[in-house]
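Engineer: Structure incoming, see below.
The values are calculated or read from the model by the stated rules, or taken from the named source; none is laboratory data. Please read these numbers as outputs of a predicted model, since none were measured by experiment. Note: ideal-geometry Cβ built from the backbone for every residue, glycine included; neighbour counts use all protein chains shown. Accessible surface is based on the protein model in full, side chains and every heavy atom, while ligands, DNA and RNA are left aside. Shrake-Rupley method; radii C 1.70, N 1.55, O 1.52, S 1.80 Å.
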Amino acid sequence: MNTENNTVTENDLHAYIDGFLDEKRHADVEAWLAENPDAADEVRQWRNHAEGLRTLFAAYAHAEDDDRDLIATSAKNARFLPRWLPAAAAGLALFIAGAATGIFGQQLLARPPLQQTAFALTDLPAQAKSAFLIYTSEVRHPVEVGADQEAHLVSWLGKRLDYKLRAPDLKAQGFHLIGGRLLPVSGKAGAMLMYEDDSGKRLTVLIGRNPDNAETSFRFASAGSLETFYWIDGEIGYAVTGEITRQNLQEIAEECYRQFES
Amino acid sequence: MKTEPFEEQVLSLLPLLRRYSRSLARSDADGEDLLQDCVEKVLVRRAQWRGGSLRSWAFTIMTNLYRDGYRRQKLHPPVELTDETAPQDSATEPGDPLEKQRLNQAVNALSPDYRTVLMLVVVEGYSYQEVADTLGVPIGTVMSRLSRARRQMAEHLSRSNIVPLRRPK
């Protein structure tokens, strides 16, 4: 760091904010800032932002109840993963390993609940959109259980949701099921089903439980090129999300609605 | 459940890893995914740990996962859900929720390299030399990234005083 008393470099200003200056240098910079109000303004802003960021993320530095499960699950995954096994096969191997022992299958597939924080998404369409964006772009593990095990998939997710789940058949609309996963919806166990058409275009159906909501409605929301149709039927909320035209998506949502109701 | 000493150490590191993963990620869900990927990788590679600070080693793994993940994610950048991501129960959150949201949007606008340096310095309290070691770059690079990160944050925040609301059609 610069040790000339009269020269204060930008690096000195950063070190001043970040608390890396010794007492003498700190005082030098302080004196210099008193004579340079523009720089002082900038430094004040940077320091406020730093404090804001520390506060913003401080809430995450805590242990969670299922941390031990996270370690145990990851450790088992790690053990079942032979070094030579190509990455692409790893997910499948883990699933088979989990299913074979039958003991930690659930643990392996379950993701720990997300914490409720300042920017937790609490409404269904926003959650459906973020689930779509996160999982449809996954190359290796877009789903936890594939469509080849559809019966297992729906009974497993249905059990977690405490609801007789079925995967809508959307072949007439050009989409086939690729699989599904368990994920938190409004802090409770929810399900996501993923479909794909022949060109590889994907759409998701999110199903969540919300005992607080007894309203029934059918709505539409869009964000950028992403469209979502969602409806709430008693305690269950549904959201169909895709990067397809609104007309196509509406047709698919109506088909899902029809099949879920029957 | 029986855990090994190494796993106990990782367990005790989880709160710090959780904060770091969330400070890099764009959402809670992404942060949780990054954390899980990192823990798994740390356990898979435990034989490669040469002693020393387990935290530094795990943070390096997390940083690399974040950069790899970001490259892939660029194909499907998250959509800004301006009116739907607004914090819901502002009464229970400490601090001004709108301010938090603006800050969150400003860090989300940073490139991953700038964001990593800013978070390591500001949130994790790393020295500039420790950041250089973690990222494997010269300290001059750390300083210029820190400078750009701070200026971009300030610029973003100065022009985003008004949060636009976009209603679903």
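Engineer: Inspect all residues belonging to the stretch A:213-225 and state whether any of them is closer than 16 Å to A:Leu133 by Cβ, of a type in the set (D, E, K, R) and surrounded by fewer than 19 Cβ atoms within 10 Å (Cβ to Cβ).
Structural biologist: no
Engineer: Turning to a different aspect of this structure: Enumerate the pairs (first residue in the stretch A:62-77 and without any contact (Cβ under 8 Å) to a residue 40 or more places away in the chain; second residue anywhere and open to solvent by 60 Å² or more (accessible area, probe 1.4 Å)) with beta-carbon separation below 6 Å, excluding pairs fewer than 6 apart on the same chain, so at least 6 apart or on different chains.
Structural biologist: What qualifies is A:Ala72/B:Met1; A:Thr73/A:Gln107.
Engineer: Quick check: is even one residue across the stretch A:46-53 facing chain B (nearest Cβ under 7 Å), touching a residue at least 12 places away in the same chain (Cβ under 8 Å) and out of contact with any Gly (no Cβ under 9 Å at 6 or more places or on another chain)?
Structural biologist: Yes, some residue in the stretch A:46-53 is facing chain B (nearest Cβ under 7 Å), touching a residue at least 12 places away in the same chain (Cβ under 8 Å) and out of contact with any Gly (no Cβ under 9 Å at 6 or more places or on another chain).
Engineer: Looking for whichever is closer than 22 Å to B:Leu120 by Cβ and in a loop (DSSP other than H, G, I, E, B) here; the options are A:Ala15, A:Ala61, A:Ala50. Which one fits?
Structural biologist: A:Ala61
Engineer: Give me a count of the residues in the stretch B:139-169 that are open to solvent by 80 Å² or more (accessible area, probe 1.4 Å), more than 22 Å from B:Lys100 (Cβ to Cβ) and at pLDDT 95 or above.
Structural biologist: 1
Engineer: Separate question: Can you tell me which of A:Ala172, A:Ala191 is under 19 Å from A:Ile232 (Cα atoms) and either of a type outside the set (D, E, K, R) or out of contact with any helix residue (DSSP H, G or I) (no Cβ under 9 Å at 6 or more places or on another chain) (or both)?
Structural biologist: None of the other options fit; the residue is A:Ala191.
Engineer: Can you give me the number of residues within the stretch B:111-129 that are open to solvent by less than 10 Å² (accessible area, probe 1.4 Å) and more than 7 Å from every other protein chain (Cβ to nearest Cβ)?
Structural biologist: So the answer is 6.
Conditions (1) within 24 Å of A:Ala61 (Cβ to Cβ); (2) assigned to a loop (DSSP other than H, G, I, E, B); (3) open to solvent by 40 Å² or more (accessible area, probe 1.4 Å); (4) modelled with pLDDT under 85, marked per residue:
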position: B:Val39; (1), (2), (3), (4): yes, no, no, no
position: B:Gly52; (1), (2), (3), (4): yes, yes, yes, yes
position: B:Ala58; (1), (2), (3), (4): yes, no, no, no
position: B:His76; (1), (2), (3), (4): no, yes, yes, yes
